[in-house]
1. Residues in segment 27-69 that are touching a Lys or Arg at 6+ places or on another chain (Cβ under 9 Å) and hydroxyl-bearing (Ser, Thr, Tyr): how many?
2. Could you list, in sequence order, the residues of segment 174-186 that are out of contact with any strand residue (DSSP E or B) (no Cβ under 9 Å at 6 or more places or on another chain) and buried (at least 18 other Cβ atoms within 10 Å of the Cβ)?
3. What tally of residues in segment 64-79 results from selecting those that are within 12 Å of the ligand (Cβ to nearest atom) and surrounded by fewer than 17 Cβ atoms within 10 Å (Cβ to Cβ)?
4. Check every one of the helices (runs of 4 or more DSSP H) wholly within segment 264-330 and list those with 3 or more residues that are among the hydrophobic types (A, V, I, L, M, F, W, C).
5. For segment 187-205, state whether one or more residues are buried (at least 18 other Cβ atoms within 10 Å of the Cβ), under 13 Å from LEU135 (Cβ atoms) and either free of Cβ contacts under 8 Å to residues at least 12 places away in the same chain or aliphatic (A, V, I, L, M) (or both).
6. Suppose we keep only residues that are of a type in the set (Gly, Ala, Ser) and surrounded by fewer than 17 Cβ atoms within 10 Å (Cβ to Cβ) within segment 299-330. Which one would you say is farthest from ARG274 (Cα to Cα)?
7. Name, by its number, the condition in (1) over 30 Å from GLU128 (Cβ atoms); (2) hydrophobic (A, V, I, L, M, F, W, C); (3) out of contact with any Pro (no Cβ under 8 Å at 6 or more places or on another chain) that does not hold for VAL252.
8. From the list GLY56, GLY82, GLY42, exactly one residue is out of contact with any Gly (no Cβ under 7 Å at 6 or more places or on another chain) and within 16 Å of the ligand (Cβ to nearest atom). Which is it?
Amino acid sequence: MKKLLIALSIGCLLGTACTKGDVRFVTIGSGGVTGVYYPTGGAISRMVNKKIDEYGLKVTVESTSGSVFNINAVLSGDLDFGIAQSDRQYQAYHGLAEWADLGRQTDLRSVFALHPEAITLIASEASEIRSVGDLKGKRVNLGNPGSGQLQNSRDVLAAFGLTEDDIIAEYVKEVEAPGLLQDGRLDAFFYTVGHPNGNIKEATSGRLKVYIVPIVGSEIDTLLAHNPYYSAAVIPHELYPSAINKRDIETVGVKATLVTSVSADPEIVYAITREIFENLEEFKQLHPAFATLTRRNMLEGLTVPLHPGALKFFDEVGLTQYVDPSLIVD
Ligand code: GLU
């Protein structure tokens, strides 16, 4: 018996959707603790765990290095679910960016879309960075390996004809970036994140004044025209009243999405989808970045096939008509 218990707990540590008694344990990979993914995972787990008698699920959230890590961990079976940027799910499925050598990750499945995220570029006032072109020669954090923003930063630099060799590139976790900026050890940092969030609040409300740099121009129009997963976005300046900005900040956006693997148990995917969709108003209270969520827009921005567990719920409530038909494959 003791051996069995040990085996079960080891299974719970290493495996996915493990069972103890009647309860199944499910993990969601999120992001850094000052971002929006971590509280998003917390919001999902809080809602599902409240109904433990109904669903028999205990959801736990892990802080991770972000989208790319989450997608890979879901595919390898180390995590049951992950939150990932819409552009990153597209790239994984099509074997692009970090997956160029690995090939197409066709076992990836989407569950639903979440809040919009904006490529956010924060610069200290002293750096005198007012546009992407001004990043040349500056010390800039592009994002840690495993994050979603690393590729977004590279894309934005490339759109302006810059590479990592034109700047002093750093790759630290976003949780560290506001402190480094305030200490003068970074001139600027990129973060692809929902708004408002604690990280940008921290960066904008320190001793040094900071500027949220618009990511706009004909260079960006070309980027938008060539990449289906990018769209224009705006960060309302009133969300960060201590920043120097006086106007809303134009930039580029993607979406946060919930992903899983084709092999995830459809009952578990169904339960999580149902819980969030049936109680969307309650869910939206759990983070201000969820303010614009609707049942319809939570089906938009997905580019990899829907998991059948999610589709079963959308079928039941008549939402499948709003799903891009190319996402219905299993
Ligand atoms: N978009 C970021 C990433 O994919 C995470 C943002 C967040 O944690 O809210 O790595």
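Rule-based calculations on the coordinates, nothing more; no lab input. None of the values given here were measured: they were computed from a predicted structure. Heads up, the Cβs are rebuilt from the backbone with ideal geometry, glycines too, and the neighbour counts pull from every protein chain shown.
1. 5
2. VAL175
3. 0
4. Details: elements: 266-278, 280-284, 308-316.
Per the criteria, 266-278, 308-316.
5. yes
6. SER326
7. Of (1) over 30 Å from GLU128 (Cβ atoms); (2) hydrophobic (A, V, I, L, M, F, W, C); (3) out of contact with any Pro (no Cβ under 8 Å at 6 or more places or on another chain), only one is false for VAL252: (1).
8. On the way: GLY56 fails: within 16 Å of the ligand (Cβ to nearest atom); GLY82 fails: out of contact with any Gly (no Cβ under 7 Å at 6 or more places or on another chain).
None of the other options fit; the residue is GLY42.
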